[in-house]
Amino acid sequence: MKPFFSSHNLKAGYGSGDILKGISFDLEKGKVMTVIGPNGSGKSTLIKTLAGLLKPSSGDIFIDESSIVGYTSPQRIKLGMSYVPQEYNVFRNMTVKENLQLANEFMRSAKKKKTQIIDDDLLDLFPELTSKFDSLAGNLSGGQRQMVAFACALAYKPEILLLDEPSAGLSPKYMGDIFEAVKKVNELGVTVFMVEQNAIEALQISDKCIVMANGNVKYISDAKILMQSGDLHSLYLGDA
Amino acid sequence: MLSFIILMSLVICFSAILALALNFQWGLGGMINFGLAGLYALGAYACAILILKLNINFFWSTILSMLLVSLVCALISIVTLRVSEEDYFAIVTLGVGEMLRLIALNEDWLTGGALGLTGIPRPLSDSIPADIYIYVFLATYVFILLICIFLLNIIARSAFGRSMRAIREDDVVAVTLGKNLLWTRARIFAVGGLLIGLAGSMHAFYYQYIDPTQFSNIVVAYAIMAVIAGGKGSHFGVVIGSILIMILLEGSRFLKEIIPGLGSDQLSAVRIIIIGVGLILVLIYKPNGFVKEYRLNA
Amino acid sequence: MQIIFNGFVTGIVVTLPALAITLLFGVLKFPNFAVGSMLTLAAYIVFTFNVLFGLSLLFSTIITAIIFGFLLILIDQLTFAKLRGSSSITLMVCSLGLGFVLENIARLMYGNNAKSFAIELARPFLFMDIRMNREQIVTIIVSTIAMIFMYVLLKHMPIGRAMRAVSDNPSLSLVRGIDSPLIIKWTWFISGALLTIGGVLIGMDRAIEPPMGSSYLIVIFAAAILGGLGSPLGAFVGSLIIGIVSELSTLVIPPNYRIGIPLAVIALILIFRPQGIFGKPNIKK
């Protein structure tokens, strides 16, 4: 099966040097990929580059074999990509309803031609939010904010969903809810690319896994194999 | 021609000190002083008033005016203690500068209002023979400038200077390291104030008359350009920047020859437009100037 | 009572410029010191249509608002756009330089003599024991309508939501598909209209001359900061408070130093409540 979402020798940094030293991966359509690795390994930089927030110094990114590296973030949304940043991922001074309205307005003006993967009963995934529609996003709890951020990303009916540490700082209940939601969304056909610290939970719903260290891909493997191998612990801590 | 160069050099001396003050507060301290013109006026007027109305000698008039400006600067810094945002600080300094300008304009009994103060005697002009006076005057001014640079360099290389640089680079980190952010900023601003007062006094002695029009806000633009052109942070660079700006300024006086039919009001408007555009261009295209800053090797 | 009314009018005149400052600050993240001279230049352009071309004041204002909006977009492209992402100080210094340029372009083109709009003289009248004149009524009505319109725009219209989003979080806006550069252009256009109206209202109140707008700069900033930089409602409330307090202060302070009041207000706000009345405390990451 040909790769749907991939990168080739991607290098990027914030100024003086490159943090990503040449990342290549490929992911088939409808699969889930998780990137794990210690702090400072470049996971966050990778996902920001894929989302269009950081311009790579060299290398390429492909959706369905077309290069997207020259596209801005809004353009990437039109191509079917949606991104949930790790923090500051909702507009705190706007209500939940307004946060979602922004997505709707974009969809109306973007005239997206791709078929929709998520139908309009989006909020069935997040029943808790219906009562919070008119609250300011900044006044919600961390877990609820994460739900809003997730819902907003889904409102763009993406084919590829990028998640930067979706469970960061969440209580176990919300963590479970978020991974549940990711699984359901994937079951509908969305390709998922996520960066995670909670390796075990993430790998349980993943198909493939990349372990990063020092800006490089240390290890790519099937997620189930990695979980069973027992090397996970040492790889994760960057010993190998 | 020689006298022209001497006069230019004198102006460069105190203009450079003013630019050094801005550089100290901004380049090393990270605080932009938009009220520079008003504080400069304060220095000049204070010195002039002390000499003319209270008959204090030139030395003490200068020192007292330096202390006064320094005090006002310290007060400004204390008021903005709670806020570390540069935005608010700039607005407050602009307001204070404006307020000072209004005082100069309105308090006729003290400042002579729009007419200003005249007849400011140059230091020791009685004691030194007239034919060599101007050279002694120039030598003194250059000497003062060099002392200022020397002292500023010492401060910059001292522990105090290191605190300042740490704060400027990242004030959150600096506070974590225990540097007392707000107190340090107050001291930086106050030291800058001393220099502004000095420059103001030197201005008063040079021109021998002062009025509000000499202290319009465009003064800030000149000083900022001098600092940027010379490369923010470097003391010698600032002096070079001042020289460059002075040349630009004097050169634009000759516009009158090139463009006939311009009234003097319009001419000064054109000059200010050139300075304003110049400032914007320097910001966009040459934000680092030409001279490197001294840095302690890690 | 008369004083309160005068203060109300004095305050409401700066409401629209204060709102412009607040919008620009929200989207561009720095206080724009060229706003004063922008007011002046806009007033002069209206003057040109009104007095030199003979059009009615209303029509002149409308034409100018549109022209000025585009002019500001152009100026932004030439200056601030090239410095996007720079430090606050760099942008402030740029705006300072721009202020000098705009004010002196006005001086160059129109000279230093005071000018005024071509409006019929009307006698002041008495209403409930308070002396008012037509210009003041017009000012109140126009400012209020403009504020209501801006409220609706920001709260209920897509462009307003997009502007609020960009103010709230510029990088998140990109990721949510908002065309930040376009929103910035819209913000300048809207600010241009607000500043044109503001310039006209000020020009009706006093003579039009080059330093006109800049002399209001501190008052406008005080109003915006008092209300909370970033809060449009704050701009409105802040202006009124400053206006009324300024008028009341003339009872004790000589009129020439009225600028001391806004300055004192800024100082007090910064000491006690830096975010202003409606603003949000700044959270350092």
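The values are calculated or read from the model by the stated rules, or taken from the named source; none is laboratory data. Here the structure is a predicted model, which means the values were calculated and not measured. Positions of Cβ are backbone-derived with ideal geometry, glycine not excepted, and every protein chain shown enters the neighbour counts.
Taken over the range A:1-29, residues that are out of contact with any Pro (no Cβ under 7 Å at 6 or more places or on another chain) and either more than 13 Å from residue A:192 (Cα to Cα) or modelled with pLDDT under 90 (or both) amount to 20. In the set C:244, C:277, C:266, only one residue is closer than 22 Å to residue B:91 by Cβ and surrounded by fewer than 19 Cβ atoms within 10 Å (Cβ to Cβ); that residue is C:277.
If you check C:60, C:95 for being within 12 Å of chain B (Cβ to nearest Cβ), within 20 Å of the chain's Cα centre (by Cα) and either surrounded by 19 or more Cβ atoms within 10 Å (Cβ to Cβ) or at pLDDT 95 or above (or both), only one passes: C:95. The helices (runs of 4 or more DSSP H) located wholly in the range C:128-223 include none with 3 or more residues which are in contact with a His (Cβ under 6 Å, 6 or more places away or on another chain) and more than 27 Å from residue C:261 (Cβ to Cβ).
Restricted to strands (runs of 3 or more DSSP E) entirely inside the range A:1-46, those with at least 2 residues that are of a type in the set (Ser, Thr, Tyr) are A:3-13. Here the helices (runs of 4 or more DSSP H) wholly within the range B:192-281 that include at least 1 residues being crowded, with 18+ Cβ neighbours inside 10 Å, small (Gly, Ala, Ser) and modelled with pLDDT of 85 or more are B:218-230, B:235-253. Here residue B:79 does not qualify as buried (at least 21 other Cβ atoms within 10 Å of the Cβ), under 30 Å from residue C:226 (Cβ atoms), within 11 Å of another protein chain (Cβ to nearest Cβ) and not hydroxyl-bearing (Ser, Thr, Tyr).
Taking the stated definitions as given, is residue C:112 outside any helix (DSSP H, G or I) and either within 28 Å of residue B:286 (Cα to Cα) or more than 20 Å from the chain's Cα centre (by Cα) (or both)? Criteria met by residue C:112. Every condition in (1) at the interface with another protein chain (Cβ under 8 Å from one of its Cβ atoms); (2) surrounded by 21 or more Cβ atoms within 10 Å (Cβ to Cβ); (3) touching a residue at least 24 places away in the same chain (Cβ under 8 Å) is met by residue C:105 except one, and the failing one is (2).
The rows are residues; the columns are (1) within 18 Å of the chain's Cα centre (by Cα); (2) part of a helix (DSSP H, G or I).
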| position | (1), (2) |
| --- | --- |
| C:6 | no, yes |
| C:18 | yes, yes |
| C:26 | yes, yes |
| C:89 | no, yes |
| C:117 | no, no |
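Residues that are in contact (Cβ under 8 Å) with a residue 24 or more places away in the chain and within 20 Å of residue C:117 (Cα to Cα) do occur in the range C:17-28. Scanning the range C:234-251 for residues that are at pLDDT 80 or above and over 15 Å from residue C:14 (Cβ atoms), we see that the one that is nearest to the other protein chains (Cβ to nearest Cβ) is C:249. Just one of the listed residues (C:220, C:259) is under 24 Å from residue B:100 (Cα atoms), more than 9 Å from every other protein chain (Cβ to nearest Cβ) and not charged (D, E, K, R), and it is C:220. Scanning the range C:38-58 for residues that are among the hydroxyl-bearing types (Ser, Thr, Tyr) and assigned to a helix (DSSP H, G or I) turns up C:40, C:44, C:48.
Okay, residues lined up against (1) more than 23 Å from residue C:88 (Cβ to Cβ); (2) within 10 Å of another protein chain (Cβ to nearest Cβ); (3) not in a helix (DSSP H, G or I):
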position: B:67; (1), (2), (3): yes, no, no
position: B:72; (1), (2), (3): yes, no, no
position: B:87; (1), (2), (3): no, yes, no
position: B:93; (1), (2), (3): no, no, no
position: B:96; (1), (2), (3): no, yes, no
position: B:100; (1), (2), (3): yes, no, no
position: B:105; (1), (2), (3): yes, yes, no
position: B:110; (1), (2), (3): yes, no, no
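So residue C:149 fits all but one of (1) within 10 Å of another protein chain (Cβ to nearest Cβ); (2) without any contact (Cβ under 8 Å) to a residue 12 or more places away in the chain; (3) of a type outside the set (Lys, Arg); what number is the exception? Residue C:149 satisfies all of (1) within 10 Å of another protein chain (Cβ to nearest Cβ); (2) without any contact (Cβ under 8 Å) to a residue 12 or more places away in the chain; (3) of a type outside the set (Lys, Arg) except (1). Of the residues making up the range A:22-36, those that are under 23 Å from residue A:188 (Cα atoms) and aliphatic (A, V, I, L, M) are A:27, A:32, A:33, A:35.
Would the range A:162-173 turn up any residue that is more than 20 Å from residue A:79 (Cβ to Cβ), without any contact (Cβ under 8 Å) to a residue 12 or more places away in the chain and surrounded by fewer than 18 Cβ atoms within 10 Å (Cβ to Cβ)? Yes; the residues of the range A:162-173 include at least one that is more than 20 Å from residue A:79 (Cβ to Cβ), without any contact (Cβ under 8 Å) to a residue 12 or more places away in the chain and surrounded by fewer than 18 Cβ atoms within 10 Å (Cβ to Cβ). Of the residues making up the range B:14-30, at least one is over 15 Å from residue B:223 (Cβ atoms) and either away from chain C (no Cβ under 14 Å) or under 17 Å from the mean Cα position of the chain (by Cα) (or both).
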